[in-house]
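S.K.: Let me give you the structure first, and then I'll get to my questions.
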Amino acid sequence: MAHEVRGVVATAKGEPVRVETISVPDPGPGEALVRVQACGVCHTDLHYREGGINDDFPFLLGHEAAGIVEAVGDDVTDIGPGDFVVLNWRAVCGECRACKRGRPHLCFATHNATQKMTLDGVELSPALGIGAFAEKTLIAAGQATKVDPAARPEAVGLLGCGVMAGLGASINTGEVGPGDTVAVFGCGGVGDAAIAGARIAGARTVIAVDLDARKLEIAMGFGATHTVDASSTDPVEAIRELTGGFGADVVVEAVGNPKVFEQAFHARDLAGTVVQVGVPNPEMRIDIPMIDFFGRGGALKPSWYGDCLPSRDFPLYTDLYLQGRLDLDAFVSETIPLDGVEEAFHKMERGEVLRSVVVIEGSA
C-alpha cells in the first residue's frame, strides 16, 4: 500500500521549494518506513536545491532527522515498529573494501532504499538517500539507528548530519586528546559542534575563529575558551599568541574556503593536524607551496561525516545529551513547519540561525 504524505520538493535548479503530496511505498526487503518527527535544515539541502550536488531533479529534501519506525521489510531485524531512530546516510554495507579492512566508518557503498518515492508518478531523488522533509520516508533499514527514546527528536535528529560532522571532526578525525590546543575556523552549526567535541575530548584551549561577533559569542557557550574576530585580527598570529607562539595541535576548518584553509594550515603547530570539514564548491582549489607542506609535517585530513560510525556514535552522543554533557538543544535556533523550509534557507544564508528544525505536526 502506498502512503500519500506531504513532503518538501525541489523541482528545478534555483526554484523555491514547495510542499507537495508524494507517494511513499510500504517497505520491501532491507527497507524501513519511518514516521518523521523532526528534521534539521542543513546547508546540503540548499546545495541540492541549487543543483550543486547533481541535477537529478525533482529532489525530496531533508536528511538530518529523527522519527519512529512504522514498518520494516520481512528480513529486517536490527530495528522494528515503534523504535525511535536517528536517520543516517552511511548505511554500512559490510562488503566494500573499507568494511573488509575493518574501517566501516569509511564505507564506500552505503545502502539506500531500492523502491522509489514519487510525485505524480515521477521518481523523486531523496537528499543523501533519506528525503526526510516529509511526514513519512522510505529508507534502507541501515539508515536508521536506534537511540534512547527519552531524547527530544528536534535535538538528536541533528546528529544525522551537521552536529555529527563537527563532533567527529574533532574527536574521530582530529583525534583531539586531553590537554590539546584546538582552533576552529567557522562558528556555524558544524564549527560549534567541533568546539563542543574538542571540549568533550579534554582540550585545554579551544579557540573559535569567525568574522561575526555574534557567532563568536555563541561559540563560547559550546566550550570555546578564546575567540578571534578575523574581520579585524590576523587569525594565524592570534592563534599563535594564544598557544605559546607555536600554533594549535588541531585546527578544524569548518568553512570550506581555500583562503580559510590556508590560514588553518599556517595556524597549526609543527606536526599538528588540519581537519577540513567545511564543504567547498567544485571550482575551489588549494595553493600551498610544497616546501611548506613538507616542512611542517603533521597531517591534512578531510573529514567526511565526521568519520562517524552511526551505530556506535549516535547512541553515545544521545546518552551524553541526556546526561547534560552535550547541549544539543542549543543548536536548535527555531522550530518550523514543513512550509517554512524556503524561508529557513534564507535565514541560514544570512547567518541568523544555527539550525532551523522542521517539526512534523501530529508525529509525536
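All of the numbers you see were taken from the coordinates with simple rules; none came from a lab. Everything quoted here is computed from the prediction, not taken from an experiment. Note: ideal-geometry Cβ built from the backbone for every residue, glycine included; neighbour counts use all protein chains shown.
S.K.: Please state the equivalent ellipsoid semi-axes for segment 189-242: what are the square roots of 5 times the Cα gyration tensor eigenvalues, largest first, in whole Å?
M.R.: Working: eigenvalues 63, 36, 11 Å².
Semi-axes (√(5λ), whole Å): 18, 13, 8.
S.K.: Across all directions of projection, what mean area in square nanometres is found for the Cα convex hull of the chain?
M.R.: That works out to 17.5 nm², a quarter of the Cα hull's surface.
S.K.: How big is the Rg/Rh ratio for segment 277-337, C-alpha atoms only, Rh by Kirkwood, two decimals?
M.R.: Rg/Rh: 1.15.
S.K.: What is the spread of the Cα atoms of segment 99-233 along each of their three principal axes, largest first, in whole Å?
M.R.: 55, 37, 31
S.K.: Full-extension gain between Ala271 and Val122, please, as 0.36 nm times their residue separation minus the C-alpha to C-alpha distance.
M.R.: Taking 0.36 nm per residue and subtracting the Cα distance, the gain is 48.4 nm.
S.K.: May I pose another question? Placing +1 on the Cβ of each Lys and Arg and -1 on the Cβ of each Asp and Glu in the chain, which of Ala113, Val357, Ile286 has its Cα farthest towards the positive end of the resulting dipole?
M.R.: Value computed over the given set: Ile286.
S.K.: Let me ask another. Please report the net charge: other residues with Cβ closer than 11 Å to the Cβ of Gly247, K and R +1, D and E -1.
M.R.: Values: positive: Arg240, Arg268, Arg296; negative: Glu237, Glu241, Asp249, Asp269.
Net of charged neighbours comes to -1.
S.K.: First select every other residue whose beta carbon is under 11 angstrom from the beta carbon of Val86; then total the charges, Lys and Arg +1, Asp and Glu -1.
M.R.: -3
S.K.: Could you tell me the convex hull volume per residue, in Å³, taken over the Cα atoms of segment 117-160?
M.R.: Per-residue hull volume (Cα only) is 88 Å³.
S.K.: Send over the per residue convex hull volume for segment 5-91, Cα only, as a whole number of Å³.
M.R.: 106
S.K.: Run the simple label-point estimate for Asp78 and Ala2 please: 7 Å along Cα→C-beta, distance reported in nm.
M.R.: My value for the distance between the label points is 3.0 nm.
S.K.: If you don't mind, another one. At 10 °C and a viscosity of 1.306 mPa s, what translational diffusion coefficient does Stokes-Einstein give for segment 147-214, taking Rh as the Kirkwood radius over Cα pairs? Give it in µm²/s as a whole number.
M.R.: 128
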